[in-house]
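Single-structure report; data block below.
Quick note: the coordinates plus some simple rules give every number you see, no bench work behind them. In this text the structure is predicted, and so the values were computed from the model without any measurement. Note that we place each Cβ from the backbone using ideal geometry, even for glycine, and neighbour counts take in every protein chain shown.
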């Protein structure tokens, strides 16, 4: 007989891609040594190795076992809601910090009118992660940058356009993005051997840095970031404190730092931001999408939102 608790722990290890990742995402507290010991016991009971540790990778036996246990453990929470007598009111959502902080609270006020027992599980993340999470059934809904063709089974709706901008200090010599690019083309300054100002940017796999790098490549230029951050707010903070020039978005409804000048970058296309989900929308997720539509209208010129 296999130990059901051992199978549950294996499910979370396989789902999140490692033991430490499982510890951080378990719905109840358990320490790494306990998971490691019980997984080793499961492998001993089976006489099989279920995954390679570094880098993490399920073995063939591990893939087969994960496919067997996933349908049960992934639906335990929703079954609990159903048995308690109501439609599931849990949403697992991902989005950038700015969305979760500045826009989601207002969205939720609308959703909770029809779903008063709403429960949220929020993850701070940008575009490269959310598609993988949706495909692995780890989240239900995301707000993210939309780009290219979606994997089969995923759906999207554009909600808002964002303009790429540079953030520079108000004391900066630069008054336009064209001046920054011209300065870069000259090697960063008038003096021989001068280097360009430090660039503060999101990671290279994000859509904005990729578009920016492609635009520079067409000019035979390079400008790797000196400071790489995972949140747009950090770009603003570090630029305001004189650590370099920030590559970011002009976020709707948010005033820039008082020390900063915002310089639009017309050489870069407008980035579409929208909702992303898997399969057919549930009634709850439809309410979430409708509420985000109303929120987006507040920042789209020519449209009027009604709560």
Based on the Cβ-Cβ distance of residue 226 and residue 113, what FRET efficiency does E = 1/(1 + (r/R0)^6) give at R0 = 51 Å, to the nearest 0.05?
0.65
Using Cα springs under 10 Å in a Gaussian network model of the chain, which residue among 53, 123, 261 shows the largest mean-square fluctuation?
53
What value, in deg cm²/dmol to 500, does the helix sum -39500 (n - 2.57) over DSSP H runs of n ≥ 4 give at 222 nm once divided by the residues of the chain?
-12000 deg cm²/dmol
Sequence of 16, 28 once ranked by neighbouring C-beta atoms within 10 Å, starting from the fewest:
28, 16
How much length, in nm to one decimal, is gained on full extension between residue 149 and residue 41, taken as 0.36 nm per residue of separation minus their Cα-Cα distance?
34.6 nm
Can you tell me the orientation of helix 32-46 relative to the chain, as the angle in degrees between its alpha-carbon axis and the longest Cα principal axis, to the nearest 10?
50 degrees
Per-residue Cβ neighbour rank within 10 angstrom, fewest leading, 102, 140
102, 140
Which entry is the computed volume of the Cα convex hull per residue in Å³ for this structure: (1) 137; (2) 126; (3) 178?
(3)
Here the FRET efficiency for residue 97 versus residue 59, based on Cβ atoms and R0 = 25 Å and rounded to 0.05, is 0.10
Just to be sure I understand: with springs between alpha-carbon atoms less than 10 Å apart, which residue in 137, 126, 287 has the highest mean-square fluctuation in the Gaussian network model of the chain?
137
Order of 290-299, 167-176 by packing, highest average Cβ count within 10 Å first?
290-299, 167-176
So for R0 = 41 Å, FRET eff. of residue 8-residue 217 from the Cβ-Cβ r, to 0.05, ends up at 0.25
Rounded to the nearest Å, the spacing of the alpha-carbon centers of region 132-159 and region 5-43 is 27 Å
